[in-house]
Every structure is written in C-alpha cells, then in structure tokens.
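To start, the structure under review is shown below, and the notes come after it.
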There are 2 protein chains.
Amino acid sequence: MRIATLSIGDELICGRVTDTNSGTIAALLIDHGLRVQRHFAVGDNEQDIIGALLDLSRTSDAIIVTGGLGPTADDLTAQAAARATGRRLVVNEAARAHLRDMYGKLASLTVCRLNDKQELIPAKTTLIPNPTGTACGFHLMHNGCFMFFLPGVPSEMIRMLNETVIGFIQERVPHKRVIRMAHFDIYGLSEPETDERLHGVARPELGLHLGTCVSFPWLRVTLRAEADSEEGANALLEPASGEVRSRLADSIFSEGTITLDEVIADLFRQRGLTLALAESCTGGMVAQRITELPGSSAYFLEGAVTYSNGAKIRQLGVSPELLRDYGAVSSEAAAAMAKGIRRVAGSDLGLAITGIAGPDGGSEEKPVGTVFISLAAQDGCWTKRFRFGITRSQIRIKATWTALDWLRRYLLMKG
Amino acid sequence: MRIATLSIGDELICGRVTDTNSGTIAALLIDHGLRVQRHFAVGDNEQDIIGALLDLSRTSDAIIVTGGLGPTADDLTAQAAARATGRRLVVNEAARAHLRDMYGKLASLTVCRLNDKQELIPAKTTLIPNPTGTACGFHLMHNGCFMFFLPGVPSEMIRMLNETVIGFIQERVPHKRVIRMAHFDIYGLSEPETDERLHGVARPELGLHLGTCVSFPWLRVTLRAEADSEEGANALLEPASGEVRSRLADSIFSEGTITLDEVIADLFRQRGLTLALAESCTGGMVAQRITELPGSSAYFLEGAVTYSNGAKIRQLGVSPELLRDYGAVSSEAAAAMAKGIRRVAGSDLGLAITGIAGPDGGSEEKPVGTVFISLAAQDGCWTKRFRFGITRSQIRIKATWTALDWLRRYLLMKG
C-alpha cells in the first residue's frame with residue numbers, strides 16, 4: 001500500500017515551525033507494518049491544497065492529511081477536500097453534536113461563532129472521532145485513494161491515528177507485511193568504511209534492507225526486514241543483526257536505545273571509577289556532556305578549562321619547561337595535563353584534550369585540526385594525535401566525541 | 001516565482017529524523033523576498049525521486065533538492081536527476097578535482113573507491129561549489145523549471161544556498177514584490193510580556209506584519225514589511241523598528257545578525273577585559289559557549305568546572321567553613337567562587353554559577369531549579385538568586401543564558 005502524508009499550514013512552509021507530524025505518522029505506521037512513501041506540505045491556500053490532494057491521489061493508495069481543520073479563516077482543509085473530490089460542504093449533525101459536547105467539557109473554551117465552521121464537513125464522508133479536541137476528522141475515498149483528514153495538534157492527531165486510522169488501513173491492506181527494524185549506532189568509522197564492512201549484508205530481494213544515516217559525527221545503521229509474518233521478519237533480521245555486530249564490533253556504541261553519554265554513565269557506575277577532565281580546545285564541551293546526565297556527580301569530580309598556559313601550569317601542574325620545549329599542543333602537554341588533573345582531583349581517570357581548533361594558530365607541522373587526547377589511569381597513560389575536520393565547530397565536536405569514545409572503550413576493557 | 005523543496009532520505013520518511021532542511025530553506029528564502037510554496041520528501045528510492053522531480057516541475061518554477069549526494073549505495077539523487085531529465089551521468093572533472101582537494105585537506109578521511117561516486121554528475125549541468133564538504137551540488141533547467149541539487153548536511157546546504165542558489169533565483173524573478181524584514185533577538189522577557197509591550201506595532205492592513213518566534217530560551221521578534229518598492233517597504237519598516245527598539249530596550253541583545261555569544265565576544269574585545277569562569281551546575285556550558293568563537297583566547301583565560309566541594313575549595317579557594325555553613329548552592333558560595341576564580345586566574349571578571357539542576361537534590365528551601373549567579377569585578381561583586389525551568393536541561397540552558405546576558409549587560413554598562 002502506497003501511503004503519503006500531507007501537512008497543511010503556512011507556518012510549515014515559512015520555516016517558522018518544523019513539521020513533526022509527518023515524521024510521527026511515519027514512525028507510528030511503520031510499527032504496524034505500513035510504510036509512508038512520501039511527505040508533502042503546503043500552506044493555507046485552497047488551490048495548493050486541492051492540487052496536492054489530486055497529485056498525491058494519482059500515485060498513492062492512502063493520504064493522511066493533517067492541519068487546517070481549526071475554526072479560523074485560514075483553516076481551509078474541509079473546504080478544499082470538498083472541492084477536490086466534487087462534494088458539497090454541509091453541516092454534519094454528528095460534528096455539531098460533538099462541538100456542543102466539547103463546549104460543555106471545555107469550560108475555558110471561548111464559544112464564538114467562528115467555531116461553527118467546524119460543523120462543516122464534506123458530504124458522503126465518515127467522521128473520525130476526536131476525543132480530546134473540537135475538530136472532528138473525516139475520511140473519504142476518491143479516485144481509488146483513501147483520504148484521511150486529521151487536525152494538526154499532535155496529541156489529537158496521534159490519538160485519532162492510533163484509534164481509528166491505522167486499524168482502518170490495516171484491514172484494507174491486501175497482503176500484510178510485517179516490518180521489523182534494528183539500529184546500530186557507530187562511532188569511529190566513516191560512512192564509506194561502514195558501507196564497505198557491511199557489504200553483502202542487505203538482501204533487498206528477500207526483504208532485508210540496510211540504510212546508513214549520518215548524524216555528524218556518528219552514524220546509524222538500520223536493518224529493516226519485511227516479511228509476511230513475524231517469524232519471517234525475525235528470521236531475516238536476527239542473523240543479519242548478528243552479522244552487523246560481528247563486522248562492526250566495538251565501533252557500535254549503542255543499539256539505538258541509549259546515547260553514547262548514557263552508555264558512558266552506565267559504565268562509570270558499573271566500574272565504580274571517577275573522572276576528572278582537563279580541556280583546552282574543546283573548552284568545556286566534554287564536561288558539559290558528562291554533566292548533562294543526572295547523577296553524574298557520582299563519578300565526575302571536576303573539570304579544568306585551561307585555555308591559557310598559566311592555567312595549565314597552575315591548575316594542572318604542567319611544567320613551564322615542557323610547554324616551552326614541546327608547545328601546549330603536543331603529545332607531551334596532553335599527557336602532562338591528563339596526569340596533572342588526575343593527581344590534583346584525586347580521580348581514577350584523568351582525560352585531557354589539547355589542540356588547534358582554528359581558524360588561526362595552525363602551522364605546517366601542526367595544522368588546524370591537530371588534536372592530542374590523553375587518558376591517564378592507574379594502569380598507564382595513553383596519548384594519541386588526531387586530525388579532525390575543517391571548521392572550528394567540527395573540530396571541537398569530533399575531539400569531544402573521540403574523547404568520550406575513548407572513555408567508553410577504556411571502561412569496556414576494564415569490565 | 002513558485003518554489004518547492006524536495007528532501008531525500010529514507011530516514012526522513014521513516015520518522016527517525018525530522019527534516020529541518022525544508023524549513024531552513026524556507027526561512028532563508030523569505031529573507032530575500034522569496035516564498036516556498038510546498039515541501040516534498042521521499043525516501044532513497046530512484047523511482048520515487050524521479051516521480052517527485054517530474055511532479056513538482058509541472059507546478060513549480062524552481063525546486064531545491066537536498067540529500068542523496070553522498071558516496072554510498074543509497075545515495076541516488078544524481079542518478080535520479082539524470083534519468084528524470086534525460087541526461088547522461090558522467091564523470092565531472094571539476095567535481096573530481098574538488099574531491100581530490102578535499103582528500104588533501106581531510107588527511108583523516110579514508111579515500112576509498114566508494115567516494116568516486118561523487119564525481120558522477122548529470123551532463124549539461126552547472127556545479128554548485130561546496131567549500132566545506134566532498135559533495136558538489138549542481139543545477140539544471142528542465143521543463144522550464146530550475147532544479148538545484150544540494151547535499152543534505154545542513155551546514156553545507158546553507159552555505160551553498162546563500163552563496164550560489166539564492167542569488168541565482170533572485171536574478172530571475174520577474175515581478176518583484178519587495179519584502180524587508182527586521183529581527184530583534186530578545187532575552188529576559190517572556191512571550192506574553194513581549195507581545196504586550198509590542199501591542200499595536202503591527203499594521204497588517206498596510207503590509208506590516210509582526211511575528212514572535214520562541215527559540216528556547218530566547219525569542220525572536222520579526223517585523224516584515226511588504227510593498228511594491230524598496231522605499232515603500234522601508235517607510236513601513238523603519239518607524240516600526242524604532243518603536244520596537246524603544247519598547248524592548250536592552251532586552252534586545254542583537255538585531256538578528258549576530259548571536260549573543262558574538263555580542264559578548266565583541267564587547268570583551270572593545271573593553272579589553274579578561275574573563276575566568278567557575279561553573280558548578282552548568283558543568284562547562286558557559287565555557288563551551290565562550291570558547292566556541294575563534295579568538296576567544298584573547299579574553300578567556302580559564303574555567304573551572306567545580307562539581308565537588310573539594311574542587312571548590314582547592315581550585316577556587318572557597319573556605320570549607322563557608323560551604324558547611326551556607327551550602328555549596330548559596331549566595332555566599334557563588335560570590336566566593338566568583339571572587340576565587342577571578343583571584344587565581346588574575347582576570348578582570350570572575351563569573352560563577354552554582355545551583356540545583358535536578359532531578360534530585362532539591363529541598364523546600366532550595367527547590368530544583370534554584371541557581372545563584374555571581375559576577376566579581378574590580379568595582380564590585382553582584383550575586384543574584386534565580387529559579388529556572390523544570391527539566392535538568394532547561395535549568396542548565398537558562399542558567400547559561402542568564403549568566404551570558406549578565407556579562408553582556410555589565411560590559412555594556414562599562415562602555
């Protein structure tokens with residue numbers, strides 16, 4: 001079944017509001033084995049709505065329309081639906097009764113003549129009840145295409161979709177497909193590297209699809225299995241998931257349910273270790289990420305944002321000679337910072353980052369993007385040189401992610 | 001000119017990722033007097049992309065396509081564009097040279113054969129340069145419709161839109177309706193307060209519109225004047241802008257061209273003062289914001305993320321007795337932290353934040369959301385108690401913004 005969404009509202013196409021309804025609908029449908037093929041959005045303009053309905057109806061079996069069912073002058077969906085499908089717009093007695101009922105329940109709702117507009121529904125349609133709002137939805141069939149009209153308020157729309165629309169569509173799907181998905185969140189491999197490693201895992205001809213989505217600087221790999229039965233879908237998905245796990249191994253930091261930061265927080269709690277940070281070019285980004293999670297004070301002791309050499313010397317005990325001989329952006333400085341913050345804070349782990357985030361300050365030997373990360377622990381101190389990104393923001397974000405991923409790998413190893 | 005956007009990517013129609021590009025494009029175009037009429041989104045499916053391009057080209061004068069220009073197997077946009085418009089897909093020498101150049105810059109980028117795909121561009125098109133990524137964009141004309149193809153990475157897309165696409169479209173608009181806008185970015189007033197203060201400024205019947213957009217925790221007030229001429233639009237906009245400035249006064253931190261962080265950076269440079277930070281509940285967020293900007297090392301000396309009492313005592317010289325008597329979240333502790341970091345860092349200004357970000361740790365006397373901010377300077381030390389937000393994230397963000405806004409107001413006063 002080819003399904004499209006159509007979101008209506010000037011605010012959506014002026015860039016003032018991001019349309020989340022279309023994504024919500026897609027996510028809810030996929031849980032029921034239904035895939036949305038396309039999203040469309042137009043403003044509060046009758047001709048544009050009519051055009052979109054007719055265009056979409058030619059290439060879709062069902063359209064889920066949201067928005068434009070309110071009481072004000074710019075709510076034009078019912079009227080456009082009537083015109084597009086050759087129906088009259090008439091007072092619907094059930095919609096009128098629903099409005100009266102809502103007026104009673106919502107004492108705070110201003111009853112004004114405007115609301116009367118919500119009684120007007122195209123003829124020869126079926127109402128879709130809205131238990132929590134004044135706007136009734138409705139559905140109809142035109143040119144062999146089911147059209148569902150729902151209000152744009154997300155909470156009302158979601159409930160109406162779940163209670164009425166999805167069941168209605170499912171009953172009419174001739175060959176039901178079960179869809180099962182698995183997510184793998186990856187850090188440290190590029191998109192082409194990931195693709196190369198996963199070569200041959202997807203078997204689209206059997207209904208097993210693989211997609212990669214970049215959320216800079218990490219990647220999400222998604223497996224999607226489609227089959228006629230739950231068992232069939234699982235039989236495709238499970239071996240493929242095992243294959244992805246074995247090929248990507250510890251580059252997978254999560255299977256989609258928790259973030260990298262949450263993974264690290266869990267590991268710190270499990271291992272009973274504490275952390276202190278010394279940041280130069282990331283300027284507090286790592287500390288900010290660590291402290292974003294509630295309960296982080298159990299393992300995070302302190303951070304030092306040592307931008308100046310003076311701060312590195314005084315706060316971390318880095319020797320002035322070392323800074324003079326090797327520079328503040330060097331393997332030696334990074335290691336001294338990591339050991340220094342570990343010592344002054346009395347933490348189990350000391351993590352340090354120093355680098356050139358640019359746009360100035362680079363040299364031939366140490367170009368912009370050069371970053372040293374060092375991790376000091378009881379069992380040793382590891383330091384590595386990296387080259388990250390192009391812009392200041394990219395460099396700082398990659399340095400932060402890489403430092404956090406180091407923590408994850410170290411903590412995993414200590415399990 | 002009828003303009004449409006087309007966003008491409010399975011992740012967009014599976015509901016995993018919300019498409020923000022279409023809204024960003026609409027907002028950027030409106031600043032240049034161009035309105036987007038419709039948004040469309042399809043998955044990584046060649047037939048769907050071809051169908052969308054042809055459908056949209058029938059009813060649009062320009063289509064701005066984003067996504068699907070990457071190096072992997074599911075990036076199908078160039079190929080679909082070629083097929084939809086009857087062109088061959090050929091190796092583009094300029095795109096190849098750009099790729100080689102990017103490989104040089106990104107030493108860490110794995111050069112693998114997959115990337116070669118990004119050299120393939122439909123024949124008889126014009127490249128759109130991408131200064132910060134590997135994917136070149138391109139544009140072409142088909143069925144009287146301009147089609148622009150840009151990568152889906154927001155930062156790359158925005159730059160290419162601003163530097164190439166918008167100018168190209170503007171030159172080809174036949175009847176220009178002049179739209180002039182003015183933006184006022186506000187911190188410290190709620191949306192209803194702002195609305196009340198601006199009552200009567202808008203004159204929609206004359207073509208002068210006013211909108212308020214919340215970008216938590218700040219607001220943007222936008223005036224939009226539409227007229228037949230530049231002069232007409234300015235005659236509406238200028239007096240209204242003066243009115244907004246006088247009614248909102250120093251709650252306006254920017255007129256839309258620069259961020260709060262940039263305002264503060266400029267003020268620091270102008271005043272020749274230096275800063276050190278002591279953060280507790282914000283965990284490095286303020287330091288991160290300050291250091292995000294290039295050149296911040298000229299005025300930012302260092303930051304201390306003093307989560308534990310031990311760190312407050314050792315790094316900032318706060319007395320253990322003070323912490324015992326008043327607690328770490330107190331006016332006294334905040335002032336001692338601000339003075340402490342100012343003294344140890346030798347900076348002109350010392351800014352400290354201590355509070356309860358929750359979800360635990362609140363009491364009746366100091367509920368979750370209680371935050372003390374203190375600013376120590378040569379001419380005094382000011383400390384204030386606040387109550388921010390509900391969630392941990394909201395509380396931290398509002399504390400950070402309020403601290404930065406304090407800096408702005410102090411630096412303005414010193415002018």
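The values are calculated or read from the model by the stated rules, or taken from the named source; none is laboratory data. This structure is a prediction, so every number in the text was calculated from the model and none was measured. No Cβ is skipped: glycine too gets one built from the backbone with ideal geometry, and neighbour counts run over all protein chains shown.
Annotations for the structure displayed:
- When restricted to residues that are within 12 Å of chain A (Cβ to nearest Cβ) and in contact (Cβ under 8 Å) with a residue 60 or more places away in the chain, segment B:262-289 contains 13.
- Some residue of segment A:20-34 being more than 9 Å from chain B (Cβ to nearest Cβ) and either over 23 Å from the mean Cα position of the chain (by Cα) or in a helix (DSSP H, G or I) (or both): yes
- Within segment B:274-296, none of the residues are β-branched (Val, Ile, Thr), more than 32 Å from the chain's Cα centre (by Cα) and either in a loop (DSSP other than H, G, I, E, B) or farther than 18 Å from residue A:305 by Cα (or both).
- Residues located in segment A:129-151, provided they are surrounded by 20 or more Cβ atoms within 10 Å (Cβ to Cβ) and either more than 20 Å from residue A:57 (Cα to Cα) or more than 34 Å from the chain's Cα centre (by Cα) (or both): A:130, A:133, A:134, A:135, A:136
- Test set (1) in contact with a Cys (Cβ under 7 Å, 6 or more places away or on another chain); (2) in a loop (DSSP other than H, G, I, E, B) - residue A:256 fails condition number: (1)
- Of the set (1) out of contact with any Lys or Arg (no Cβ under 7 Å at 6 or more places or on another chain); (2) modelled with pLDDT of 95 or more; (3) in a loop (DSSP other than H, G, I, E, B), all apply to residue A:6 but (3).
- Verdict on residue B:15 being at the interface with another protein chain (Cβ under 8 Å from one of its Cβ atoms) and surrounded by 24 or more Cβ atoms within 10 Å (Cβ to Cβ): no
- Residue match in segment B:371-391 (condition: under 24 Å from residue B:413 (Cβ atoms), within 32 Å of the chain's Cα centre (by Cα), buried (at least 21 other Cβ atoms within 10 Å of the Cβ) and of a type in the set (Lys, Arg)): no
- Under the condition of being more than 16 Å from residue A:279 (Cα to Cα) and of a type in the set (Ser, Thr, Tyr), the residues counted in segment A:365-401 number 1.
- Selection count where residues are within 14 Å of chain A (Cβ to nearest Cβ), closer than 18 Å to residue B:343 by Cα, touching a residue at least 12 places away in the same chain (Cβ under 8 Å) and not in a loop (DSSP other than H, G, I, E, B), scope segment B:303-325: 7
- Strands (runs of 3 or more DSSP E) fully within segment B:131-225 counting 2 or more residues that are within 14 Å of another protein chain (Cβ to nearest Cβ), of a type in the set (Ser, Thr, Tyr) and within 30 Å of residue B:400 (Cβ to Cβ): B:208-215
- Output for segment A:180-209, where each listed residue is of a type in the set (Val, Ile, Thr) and touching a helix residue (DSSP H, G or I) at 6+ places or on another chain (Cβ under 6 Å): A:186, A:201
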